[in-house]
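Each value in this text was obtained by applying a stated rule to the coordinates, not by laboratory testing. As the structure is a prediction and not an experimental result, all values here were calculated from the model. Cβ atoms come from the backbone with ideal geometry, glycine included; neighbour counts cover every protein chain shown.
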Amino acid sequence: MRGALSKNPAMWMIGETGSKSLREIGELFGGIGYAAAAQRIRRARLGHGPIAARKLISQMLNV
């Protein structure tokens, strides 16, 4: 479960850039289906408010 929690924000960041389709995101993260990738991205988005999202992105980018 711990690994899934760390992957969700990473999936969310890739989804926010719009550079990959849900199918491609799922393949990057162990071959999960596009529906599961969409669900994880939605959960990560709902779990972070705007301020928390900016803080998370800054931490992940080491800014």
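Things worth noting here:
- Think of it as helices only: each DSSP H run of n ≥ 4 in the chain is worth -39500 (n - 2.57), and spread over all residues that comes to -23000 deg cm²/dmol at 222 nm.
- Between residue 42 and residue 55, the distance separating the two model label sites (each 7 Å from Cα on the Cα→Cβ line) works out to 2.6 nm.
- Along the axis of the charge dipole computed for the chain (Cβ charges of +1 for Lys and Arg, -1 for Asp and Glu, origin at the Cα centre), the listed residues 50, 14, 39 are led at the positive end by 50.
- For the chain: Kirkwood Rh in Å [reciprocal of mean 1/r, alpha carbons]: 11.8 Å
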